[in-house]
1. If r is the Cβ-Cβ distance from residue 155 to residue 13 and R0 is 25 Å, what FRET efficiency results, to the nearest 0.05?
2. Using a simple spin-label model with points 7 Å from Cα along the Cα→Cβ vector, what separation in nm is obtained for residue 91 and residue 67?
3. Any idea how far apart residue 142 and residue 6 come out in nm if each label point goes 7 Å out from Cα toward Cβ?
4. May I have the extent of the alpha carbons of the range 85-177 along their three principal axes, as whole Å values ordered from largest to smallest?
5. At 7 Å along Cα-to-Cβ for each site, give me the label-to-label distance between residue 126 and residue 75 in nm.
6. Can you give the extra length, in nm with one decimal, that the chain gains between residue 29 and residue 103 once fully stretched, where that is 0.36 nm per residue apart less the Cα-Cα distance?
7. Please work out the FRET efficiency for the pair residue 113 and residue 20, using the Cβ-Cβ distance as r and a Förster radius of 22 Å; give the result to the nearest 0.05.
């Protein structure tokens with residue numbers, strides 16, 4: 001099949017698919033689907049022309065609500081967005097590295113962002129790490145910023161934390177916003 005080059009935009013009402021055809025069997029594999037919901041199933045760095053991949057869609061269709069001191073489940077954390085509306089001070093302890101890693105299918109290098117939304121709360125939320133979770137050196141060295149584990153209530157009550165896995169069962173935790 002030949003290549004086609006377009007000088008204007010290419011449009012489709014039903015999306016686009018990037019496929020691979022097995023030379024021996026002729027089997028077709030869909031590598032990526034581009035449309036209303038874009039998905040990529042096989043992503044490698046072999047043929048990328050840039051080293052910076054930026055994913056800006058941080059839509060969280062599912063969120064978790066934790067309104068009292070508790071240990072968050074791995075399922076709650078992997079939603080990526082936890083809300084709290086408590087009138088009392090609340091501590092949310094993250095799950096162990098083993099539980100969180102298993103829920104994410106984490107390997108060394110897996111990274112996820114966790115947003116805490118306390119804008120409807122009336123008191124602070126404090127985040128605590130559990131077994132196999134440690135604060136990053138940035139968090140330990142500058143506790144007033146990267147290591148700030150409290151989230152104020154009200155209009156400024158939003159925080160982003162980054163969880164980086166050093167293995168399938170251990171993570172490093174840092175406040176990033």
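Where a number appears in this text, it was derived from the coordinates with a stated rule and is not lab data. Being a predicted model, the structure only gives us computed values, none of them experimental. Here Cβ is always computed from backbone atoms with ideal geometry, including for glycine, and neighbour counts include all displayed protein chains.
1. Step by step, r from the Cβ atoms, then E = 0.05.
2. 2.2
3. Spacing of the two 7 Å Cα→Cβ label points: 4.5 nm.
4. 37, 27, 18
5. 2.9
6. 24.0 nm
7. 0.10
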